[in-house]
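**Student:** The structure follows.
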Amino acid sequence: MVEQLEALRALRDGGTTALAAVRLRISQSAVSKRIAALEARCGVALVRPSGRRIVLTPAGEALLTEATPLLLRLQELLEQRPEEQRELVVGAPESLMASWLPGRLRGLRLELHVHRGPVLVERLRSGSLEVAICVDAGSFPELLVEPLGSEAMGLVGDVPAKGPIDLWTIEENSLTGAFLSRRWARLQRSLGRELRVQRRLESFVVLARLAMEGFGVALVPEGIARALNIQNFQVLPELERPLCLLTRPSNRERPELRLLLNQLRGQPAR
């Protein structure tokens, strides 16, 4: 039944049997058979077609909500190693791993990964990551959220003295993008100027470098500006992105996690 529930979760996350099969490393027909067996066992339909995708029915969502914490705990128990060999599997976005984070990880036993924010959350929920350090952009069901402080954001490039500011910034489908969308109106009011997005890219490092070469004005975190030794960095008022550590509640008492948190909080981002 565990394999059937894993197939249901993979189908929810991927939206197609093809993507679920890739994630589980099995055939599409095997995914379909596992879902059919689970539906037969439960006596209700758990999935339904929606255009070209497959989505969960209310019964499927309810079942997965109840089963996911149990699946994650089972995975943790199966993966347990002797304490002296344990290391945290930690992921973070490029903007943090390329700036203030590395100096705060010295001396820790970590397996490090770099992913975009939404991928970090997905991998944390699936069990392939134990900790994610990222932007706190809203609700994270089933996860423990530990605040880490905040990081200023600002402008790089030739900013006009008055009038609207045309910006290059991060893609909307990111945790920082979600944070910015909530603060955009307030930021424009505090500046008294219109901010107009001209381009969106997937990397703050690339945005900053392009702005330095005269391609436009980029909105980037302060850590990136410092890492690239950018002198002309204009901090924006009322725009500090909140940073947090995400993990599963079952990791709460792990000594490795406590050590990581103490080290991160000993050197706040801002």
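**Student:** Would you mind telling me which residue in Arg252, Arg25, Arg12 has the biggest mean-square fluctuation in a Gaussian network model of the chain, where springs connect alpha carbons within a distance under 10 angstrom?
**Tutor:** The residue with the greatest mean-square fluctuation here is Arg25.
**Student:** State the extension gain, in nm to one decimal, for the chain segment bounded by Gln198 and Arg25, taking 0.36 nm per residue of separation less the distance between their alpha-carbons.
**Tutor:** On the way: separation 173, 0.36 × 173 = 62.28 nm, distance 4.01 nm.
Residue separation times 0.36 nm, minus the Cα-Cα distance, leaves 58.3 nm.
**Student:** Evaluate the charge dipole of segment 1-149 about its Cα centre and quote only its size in Debye, nearest 20, assuming +1 on the Cβ of each Lys and Arg and -1 on the Cβ of each Asp and Glu.
**Tutor:** Details: 19 positive and 18 negative charges, 117 e Å.
My answer is approximately 560 debye.
**Student:** Related question: Could you quote the convex hull projected area for segment 187-233, Cα atoms only and averaged over all directions, in nm²?
**Tutor:** Details: hull surface 14.8 nm².
Averaged projected hull area, Cα only: 3.7 nm².
**Student:** Another one. About its Cα centre, how strong a charge dipole does segment 2-79 have in debye, to the nearest 20, once Lys and Arg get +1 and Asp and Glu get -1 at the Cβ?
**Tutor:** Values: 11 positive and 8 negative charges, 72 e Å.
Magnitude of the dipole: close to 340 debye.
**Student:** Same structure again: One quarter of the convex hull surface, Cα atoms only: what value does that give for segment 218-270 in nm²?
**Tutor:** Values: hull surface 20.8 nm².
Averaged projected hull area, Cα only: 5.2 nm².
**Student:** Restricting to segment 144-270, what percent of DSSP beta bridges are antiparallel, rounded to 5? Walk me through the numbers on the way to the answer.
**Tutor:** Values: 15 of 23 bridges.
Of those bridges, close to 65 percent are antiparallel.
**Student:** Here is a further query. What do you get when you divide the Cα radius of gyration of the chain by 2.2 N^0.38 Å, with N the number of residues? Show your work: numbers first, answer last.
**Tutor:** Values: Rg = 21.4 Å, N = 270, 2.2 N^0.38 = 18.5 Å.
Taking the Cα Rg and dividing by 2.2 N^0.38 Å, one obtains 1.16.
**Student:** Against the 2.2 N^0.38 Å scaling, with N counting residues, where does segment 2-79 land? I'd like the Cα-based Rg ratio to two decimal places.
**Tutor:** Values: Rg = 12.0 Å, N = 78, 2.2 N^0.38 = 11.5 Å.
So the Cα radius of gyration is 1.04 times the expected 2.2 N^0.38 Å.
**Student:** Now a separate question. Work through the residues other than Glu171 whose Cβ is under 14 Å from its Cβ and net out their charges, Lys, Arg +1 and Asp, Glu -1.
**Tutor:** Values: positive: Arg116, Arg199, Arg200; negative: Glu94, Glu172, Glu202.
My count for the surroundings of Glu171 gives 0.
**Student:** If you don't mind, another one. Against the 2.2 N^0.38 Å scaling, with N counting residues, where does segment 151-239 land? I'd like the Cα-based Rg ratio to two decimal places. Present the calculation step by step, with values, prior to reporting the outcome.
**Tutor:** On the way: Rg = 11.8 Å, N = 89, 2.2 N^0.38 = 12.1 Å.
After normalising by residue count via 2.2 N^0.38 Å, the value is 0.97.
**Student:** DSSP beta bridges in segment 14-163, what fraction antiparallel, as a percent rounded to 5?
**Tutor:** Values: 4 of 11 bridges.
Percentage antiparallel, nearest 5: 35.
**Student:** Semi-axes of segment 1-132's equivalent ellipsoid from the Cα gyration tensor, sqrt of 5 times each eigenvalue, largest first, rounded to whole Å? Kindly include the intermediate steps, with their values, before the conclusion.
**Tutor:** On the way: eigenvalues 213, 61, 28 Å².
Those come to 33, 17, 12 Å.
**Student:** Roughly what would the spin-label model give for Arg41 and Leu110, points 7 Å off Cα along C-beta, in nm?
**Tutor:** Computed distance between label sites Arg41 and Leu110 equals 3.8 nm.
**Student:** For the chain, what is the mean residue ellipticity at 222 nm derived from helices alone (per DSSP H run of n ≥ 4: -39500 (n - 2.57); sum divided by total residues; nearest 500 deg cm²/dmol)? Present the calculation step by step, with values, prior to reporting the outcome.
**Tutor:** Working: 10 runs with 116 residues, N = 270.
Rounded to the nearest 500, it is -13000 deg cm²/dmol.
**Student:** Can you give me the relative contact order of the chain as a percent, contacts being Cα pairs under 8 Å and 6 or more apart? Please list the in-between numbers first.
**Tutor:** Values: 430 pairs, mean separation 56.8, N = 270.
Here the relative contact order equals 21 percent.
**Student:** What is the fewest-to-most order of Lys33, Lys162 by other Cβ atoms lying within 10 Å of their Cβ? All intermediate terms of the calculation are to be shown ahead of the outcome.
**Tutor:** Working: Lys33 14, Lys162 7.
Sorted ascending by nearby Cβ count, the order is Lys162, Lys33.
**Student:** Compute, for the chain, the length of the dipole vector about the Cα centre, with Cβ point charges of +1 (Lys, Arg) and -1 (Asp, Glu) only. Units Debye, rounded to 20. Show your work: numbers first, answer last.
**Tutor:** Working: 37 positive and 31 negative charges, 79 e Å.
I would put it at about 380 debye.
Taken together, the values in this text are just the output of simple stated rules run on the coordinates, not laboratory data. Nothing here was measured: the structure is a model prediction, and the numbers come from that model. Methodologically, a virtual Cβ is constructed for each residue, glycine included, from the backbone with ideal geometry; neighbour enumeration extends over all protein chains shown.
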